[in-house]
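Q: Dropping a structure here in structure tokens format, bear with me for questions.
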Amino acid sequence: MKKFLLSFLAALWLCSGFAQSVHGKVVVEHINAKTLQNSGGENPVRRVTVYLPPGYDSSGARYPVIYYLHGFLWSDSLLVAADHIDRALDKAIADGRIRPVIVVMPNENTVYGGSFYTNSSLTGRWADFTAKELVQYVDAHYRTVADRNSRGISGHSMGGHGAIKLGMLYPDVFSCVYALSPAVLGFANELSPDREGFRSVLPLRSKEELTNGRNFLANVVVALGRAYSPDPAKPPFYCDLPFSYRGDSVLTDAKTLELWKQNTPFYMIDRYADNLRKLRALKLDWGRNDEFTHIPPTCLEFSRKLEKLGIRHYAEEYIGTHGSKIMSEDGRLLNELLPFFNATLDFPARSK
């Protein structure tokens, strides 16, 4: 009986050790970003959540890195606390859907809900922060494979927008891009000039009115304005918008609209086509029933323009809403995004 009990306890200990070994570790960093010094009221000290794969502390190995960008009004902490992305990563690695990998999630929520991962003279250089300062910090402090071919970028919604934009701007930093339901690739439906997105900003007179949760589309438009066309002399939101209204007529500010086009991915394609061709792999997908109705048509038009220019990429529409098929067990992150990076990034031979 004693021998049996000892054997049982030993087996239990081994199982416990194995269970612990399949869990990665979540680390939280704070970076006082030089690129994010600003006059727009944003905190340049940014929280960054880093997922380290099982065995990181004991292996001595180096790992590829995926940068995952959160959506509007979301954050790195919510990716863990609400979305449980760390559990999905543990499962994907345990199931062999992706080899052990580091995942970096910066907090780029702002005073108005999101940076759109764009350099702004008002709020800070968010694109440079993500693609330069953050990457340099991670490569200096973690055992990464510090090479573009082992570095991918991804994200959902505003984060998908950012992943595509940063892939366009920095193909020497990121070799592979996956965008989940990327928002505001262009203007359509609720973000058309004559629709509620732009019009809903008109009656608002304070930050409190804008960010009270009842004016989501207006909040998005103002965040875009602060990123694309900041105007420090124009309170209360300190930005110019490309459209104004006289009755039912839409008035277009051509100069401001051009600034928006320079920062909107669909209109950026022609200027950055050569950069897009440098990418090893690019994929975007979107839910057919997305509540943000501009997303399906702008994703499709984005893909068609890439196709017309002969830019290799993958594009897929699936049956789902904006968030219904992202983090779930049957969702895109676990079943599409992570296997995509497993197939397209370079992993060290010993990690296989």
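Q: Go through 110-117, 260-267 and give me the packing order, highest mean Cβ count within 10 Å leading.
A: 110-117, 260-267
Q: Hey, what do the phi angles of the range 275-280 turn into as Karplus ³J(HN,Hα) couplings, whole Hz, using 6.51/-1.76/1.60 and θ = phi - 60°, x for Gly and Pro?
A: 5, 4, 5, 6, 5, 5
Q: Remind me, relative contact order of the range 188-263 in percent, using alpha carbon pairs under 8 angstrom and six or more residues apart?
A: 22 percent
Q: Based on C-alpha coordinates, I'd like the Rg and Dmax of the range 188-263, in Å.
A: Every Cα atom of the range 188-263 included, Rg and Dmax give 11.7, 31 Å.
Q: In terms of modelled amide H atoms, which long-range or inter-chain residues lie less than 5 Å from the amide H of Phe243?
A: Asp253
Q: Next question, about the same structure. Note down the magnitude of the dipole of the range 188-263 about its Cα centre, charges +1 on Lys and Arg C-beta and -1 on Asp and Glu C-beta and zero elsewhere, to the nearest 20 debye.
A: 120 debye
Q: Additional query: From the list (1) 126; (2) 141; (3) 150, can you say which value of volume of the Cα convex hull per residue in Å³ was derived from the structure given?
A: (3)
Q: Scan around Tyr63 for amide H atoms under 5 Å from its own, H built in the peptide plane at 1.01 Å from N, and keep only partners 5 or more places away or cross-chain.
A: Amide H to amide H, under 5 Å and 5 or more residues apart or across chains, Tyr63 pairs with Thr144, Val145.
Q: OK, next. With both partners inside the range 64-203, how many of the DSSP beta bridges are antiparallel, as a percent to the nearest 5?
A: Of the beta bridges lying entirely in the range 64-203, close to 15 percent run antiparallel.
Q: To continue, here is another question. Using amide H atoms built in the peptide plane, which far-off residues or other-chain residues are under 5 Å from Ala179 H to H?
A: It is Lys283, Leu284, Asp285, by chain and number.
Q: Work out from phi, with θ = phi - 60° and the Karplus expression 6.51 cos²θ - 1.76 cosθ + 1.60, the ³J(HN,Hα) of each residue of the range 238-251, listed in order in whole Hz, and give x for Gly and Pro.
A: 6, 7, 9, 10, x, 10, 10, 9, 10, x, 8, 8, 9, 9
Q: So how do Thr130, Thr252, Thr344 line up by other beta-carbon neighbours within 10 Å, fewest first?
A: So the ranking, lowest neighbour count to highest, is Thr252, Thr344, Thr130.
Q: Report, ordered by chain and residue number, the lysines lying within cross-link reach of Lys234, taken as a straight Cα distance under 20 Å and ignoring same-chain residues fewer than 8 apart.
A: Lys207, Lys255
Q: Still on this structure: Any idea which of Pro230, Val201, Gln262 is furthest toward the positive side of the dipole for the chain, if Lys and Arg beta-carbons carry +1 and Asp and Glu beta-carbons -1?
A: The Cα lying farthest towards the positive end belongs to Gln262.
Q: I've got another one for you. For a footprinting-style exposure proxy, rank Glu329, Glu29, Glu209 by other Cβ within 10 Å, fewest first.
A: Going from sparsest to densest Cβ surroundings: Glu329, Glu209, Glu29.
Q: Taking the number of other C-beta atoms within 10 Å as the exposure measure, put Leu78, Leu185, Leu333 in order starting with the fewest.
A: Least to most surrounded, the residues fall as Leu78, Leu333, Leu185.
Q: Please give the charge dipole size of the chain, origin at the Cα centre, charges +1 on K and R Cβ atoms and -1 on D and E Cβ atoms. Round to the nearest 20 debye.
A: In debye, rounded to 20, the chain gives about 920.
Q: Looking at the chain, send over the antiparallel percent of its DSSP beta bridges, to the nearest 5.
A: 45 percent
Q: Taking a spot 7 Å from the Cα of Arg214 along the direction of its beta carbon, which residues of the range 88-124 have an amide N less than 20 Å from it?
A: 112-113
Any read-out appearing in this document is the output of simple, stated calculations on the displayed coordinates, not a laboratory observation. Keep in mind that this is a model prediction, so the values were computed, not measured. Using ideal geometry, Cβ is built from the backbone for each residue, glycine included, and neighbour counts are taken over all protein chains shown.
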